[in-house]
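Worksheet for the structure shown next.
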Amino acid sequence: MTSVPPAMAESDTASVLADMASLAHCARAEGYACVTALREHGARSVEIPQPQFAILLEGEKRVRTATQSLHFAPGDIFLISRRCRIDVVNLPDARCGRYTSAVVPFCSEALAAARTLWNEPLPAAGEALARLPLDAHGALLRRWRQALQDGHYSEARLALASFAITLARQGHGSLLLAPQPTLSEQVRDRLAAEPARDWQSHDVEAALAISGATLRRRLSSEGTSLRQLLTEARLAHAMGLLYTTALPLKAVAARAGYRSLPSFSKRFVERYGLHPSDIGRA
């Protein structure tokens with residue numbers, strides 16, 4: 001077997017990374033989000049609600065769960081193959097002073113297509129988190145990026161479906177396992193769709209066709225409550241806005257359903273262990 005010279009491998013990685021860096025300026029930025037930060041910061045117990053991957057473009061990322069600890073740098077792909085919670089630290093690049101990554105959720109259409117196309121026994125679920133080399137998946141990701149650039153969203157979803165199948169074959173089978181969310185996850189996802197709404201218990205009860213007593217009992221058995229889930233959904237939405245927009249903190253708080261900026265900041269610190277202003281934004 002012929003080995004690839006280190007210089008050539010580095011060149012391939014740099015080439016793919018340069019192509020992916022254009023995502024930060026793509027005029028048709030649909031189906032992904034570019035996350036930027038200007039200061040080192042960390043957050044604890046961040047819920048990732050669906051399978052996704054992040055392409056590290058600038059800076060470093062450190063991630064920890066109860067069973068895994070990973071370190072990422074430009075040229076790495078950070079794969080999350082199923083819903084989970086992570087502790088994370090993002091560090092800007094020492095030269096340019098920025099942390100940048102492109103976060104790409106595996107949309108439900110792409111995963112459904114991958115599950116339909118897979119006609120073999122399901123692979124092992126694998127770990128929830130993984131570090132992958134960007135250059136090893138350059139062709140597929142370039143095809144996905146070009147489809148987005150051209151506004152061909154069906155082709156972009158097809159590329160993601162192909163990527164999911166490739167990853168499943170490499171041992172990340174969680175991507176092909178149909179999720180069976182708990183009641184608390186169903187409730188949280190529904191709240192997250194409209195975080196600024198003045199949610200009342202009867203709204204959730206009607207949406208899920210469940211009585212108030214049953215809702216409270218089942219959520220309690222899962223170690224949570226409607227109030228706690230609403231807080232988590234709102235603060236997660238706020239974190240997304242802080243990373244991907246330049247909105248003032250007051251506007252972020254309002255879009256997340258908080259009328260009071262001090263109340264929002266207090267809840268954010270309690271939840272993530274950092275102040276919302278600590279997320280430096282470009």
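The values are calculated or read from the model by the stated rules, or taken from the named source; none is laboratory data. Everything quoted here is computed from the prediction, not taken from an experiment. No Cβ is skipped: glycine too gets one built from the backbone with ideal geometry, and neighbour counts run over all protein chains shown. With ligands, DNA and RNA removed, areas are computed over all heavy atoms of the protein, side chains included. Shrake-Rupley method; radii C 1.70, N 1.55, O 1.52, S 1.80 Å.
Structural remarks
- Residue list for region 250-262, filter: part of a helix (DSSP H, G or I) and open to solvent by 40 Å² or more (accessible area, probe 1.4 Å): LYS250, ALA254, ARG255, LEU261, PRO262
- ALA102 being out of contact with any Gly (no Cβ under 6 Å at 6 or more places or on another chain) and not in a strand (DSSP E or B): no
- Verdict on GLY126 being at positive phi, more than 17 Å from the chain's Cα centre (by Cα) and surrounded by fewer than 17 Cβ atoms within 10 Å (Cβ to Cβ): no
- Within region 148-172, tally of residues that are open to solvent by less than 10 Å² (accessible area, probe 1.4 Å) and either in contact with a Ser or Thr (Cβ under 8 Å, 6 or more places away or on another chain) or in a loop (DSSP other than H, G, I, E, B) (or both): 1
- Restricting THR214, THR245 to residues that are open to solvent by less than 60 Å² (accessible area, probe 1.4 Å) and more than 22 Å from the chain's Cα centre (by Cα) narrows the list to THR214.
- Count of residues meeting criterion [open to solvent by 30 Å² or more (accessible area, probe 1.4 Å) and not in a loop (DSSP other than H, G, I, E, B)] in region 79-99: 3
- Contacts under 8 angstrom Cβ, first residue in region 73-87 being over 18 Å from GLY42 (Cα atoms) and among the aliphatic types (A, V, I, L, M), partner open to solvent by 40 Å² or more (accessible area, probe 1.4 Å) and not in a loop (DSSP other than H, G, I, E, B), 6 or more apart: ILE77/ARG131; ILE77/PRO133; LEU79/ARG131
- Residue match in region 218-234 (condition: assigned to a helix (DSSP H, G or I), touching a strand residue (DSSP E or B) at 6+ places or on another chain (Cβ under 8 Å) and not hydrophobic (A, V, I, L, M, F, W, C)): yes
- If the condition is being in contact (Cβ under 8 Å) with a residue 24 or more places away in the chain and either within 17 Å of the chain's Cα centre (by Cα) or crowded, with 17+ Cβ neighbours inside 10 Å (or both), then region 184-209 contributes SER184, GLU185, VAL187, ARG188, ASP189, LEU191, ALA192, PRO195, TRP199.
- Conditions (1) of a type outside the set (Gly, Ala, Ser); (2) surrounded by 15 or more Cβ atoms within 10 Å (Cβ to Cβ); (3) within 21 Å of LEU134 (Cα to Cα); (4) modelled with pLDDT of 90 or more: number failed by VAL46: (3)
- One residue from ARG227, ARG234 being under 24 Å from the mean Cα position of the chain (by Cα) and surrounded by 17 or more Cβ atoms within 10 Å (Cβ to Cβ): ARG234
- Residue in region 104-115 that is in contact (Cβ under 8 Å) with a residue 60 or more places away in the chain, of a type outside the set (Phe, Trp, Tyr) and within 17 Å of LEU23 (Cα to Cα) present: yes
Rundown of residues vs (1) modelled with pLDDT under 80; (2) surrounded by 14 or more Cβ atoms within 10 Å (Cβ to Cβ), yes/no style:
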| residue | (1), (2) |
| --- | --- |
| ALA7 | yes, no |
| LEU23 | yes, yes |
| ALA27 | yes, no |
| LEU56 | no, yes |
